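I have placed the structure first, in the form of structure tokens, so that the comments after it can refer back to it.
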Amino acid sequence: MIALTSATGKLGSAVLNAILDNQLVDPKELVVCTSSNPLDNRFDALRAKNVVIRYNNFDEPESLEKAFAGCDKLFLVSTPRIAMDYNDAPLWKGREAHHRAAIDAAVKVGVEHIYYTSLAFGNPSKADVMRAHIRTEAYLNELAQQNKVKFTIIREGLYNESWPLYFGYFYGLREDTRSEVLVAGDGPISWTAIADMAFATAKIVTAPSEEWAGKVVYLSQNRTWTLQDIARMVSRELGRDVVLKVVSKKEYEDFYVDKKQMERPAVEWWSTTYEALKDGECDIKDDTLEKILRAAGRQPKSLDTTIKEMLT
């Protein structure tokens, strides 16, 4: 059986749907783990397909053990509680604390293979958003060396759909009136649509364990676009000029804290992302995603298509 965490989130739900829609495994072999009430009627459609629904909470180790019991694989989506990472959180105080709780529970109940969703930055990385991922990857490596569990690290590409986050810290689509957008750096990014990476992830998780055990793969298309490219696309779709302005890290932080009323710990945590972009960390050269899509007769979705859809 395969336990899937965060199966109601953007990536988790897309992976679950890819498994079900493409009939990659028998639905009764799937365990959807949720921090919501498993009896909630929003899970009725899954129950009708014989998918098992179980409660889990990263803050309750016993719930994790119960959720993963009887499973031989765990698809572990990184926790979204990013505030845990703020202010240079020391080891085991950031999001990796949640990941370790899930990993330890899985090992304790006999899960044999953990598939962890990391992020498509470098290792080492200048981006603080990557810190918890790197710590989690290191912990999985440590356990694997002790023969306690097998792992696969899936470094998911930056979502096509997340471009507003990188383009000026939550660009507001059509309602955003800014003619100038401030960022703290730019560089080539291998943007990838959620549906594409979810399909590839589903194929990896449901394949025989030995095919991907011990591997670190990037699921990103090889074509890249910069934030400057996005500015041109947004300008075209909105019919007015939206100019990208690259400023210093401090100017960027002060602007979004003082002018946009963002919380400073969040802005400081996020601003390091642009240092990673400038270093080319998100210029991915791994053809794993494109090979998997090609075998299914699919092509990666272009970023400009996603932007057009989101702005219209």
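Observations on the structure shown:
- Rounded to the nearest whole Hz, the Karplus-based 3J(HN,Hα) values (6.51 cos²θ - 1.76 cosθ + 1.60, θ = phi - 60°) of segment 161-172 follow the sequence 6, 9, 4, x, 5, 7, 8, x, 6, 6, 4, x, with x at glycine and proline.
- Working from Cα pairs under 8 Å separated by at least six residues, relative contact order for the chain is 19 percent.
- Residues whose amide H lies under 5 Å from that of residue 71, counting only those 5 or more places away or on a different chain, are absent; hydrogens are built 1.01 Å from N in the peptide plane.
- Simple Cβ-charge dipole of the chain, Lys/Arg +1 and Asp/Glu -1, about Cα centre, in debye nearest 20: 380 debye
- In loop segments of segment 42-74 as defined by DSSP, the trypsin sites (Lys or Arg not before Pro) with at most 14 further C-beta atoms inside 10 Å of their C-beta are 49.
- Reach of residue 150 by Cα under 20 Å, taken over aspartates and glutamates that are not fewer than 8 positions away in the same chain: 29, 65, 72, 96, 104, 112, 137, 142, 210, 211
- Under 5 Å, built H, 5+ apart or other chain: amide partners of residue 189: 225, 226
- Take each peptide in 288-300, 149-161, 120-132, count the other Cβ atoms within 10 Å of every residue, and average; sorted highest first, the result is 149-161, 120-132, 288-300.
- Protection proxy ranking of 196-203, 10-17 - average other beta-carbon atoms within 10 Å, highest first: 196-203, 10-17
- DSSP-defined antiparallel bridges as percent of all bridges, the chain, nearest 5: 5 percent
- Amide H contacts of residue 118 (H built 1.01 Å from N, in plane; Pro and chain starts excluded): 154, 155, 156 sit under 5 Å, all sequence-distant by 5 or more or on other chains.
- Sequence-distant contacts, meaning Cα pairs under 8 Å at least 6 residues apart, place the relative contact order of segment 163-311 at 39 percent.
- Too-long pairs where the Cα-Cα distance tops 27 Å, listed order kept, from 203/301; 73/308; 49/291; 10/250; 28/108; 66/291: 73/308; 49/291; 10/250; 66/291
- Estimated 222 nm signal from helices in the chain, with DSSP H stretches of n ≥ 4 weighted -39500 (n - 2.57), rounded to 500: -11500 deg cm²/dmol
- Taking the chain as a Gaussian network of alpha-carbon nodes connected by springs under 10 Å, the highest mean-square fluctuation of the residues 185, 239, 168 belongs to 239.
- Mean silhouette area of segment 121-241, derived from the convex hull of its C-alpha atoms and averaged over all directions, reads 8.8 nm².
- Summed residue charge, Cβ within 13 Å of residue 187's Cβ, Lys/Arg positive, Asp/Glu negative: -4
FYI, it's all coordinate maths here, none of it is from the lab. This structure is a prediction, so every number in the text was calculated from the model and none was measured. Glycine gets a Cβ as well: all are built from the backbone with ideal geometry, and neighbour counts include every protein chain shown.
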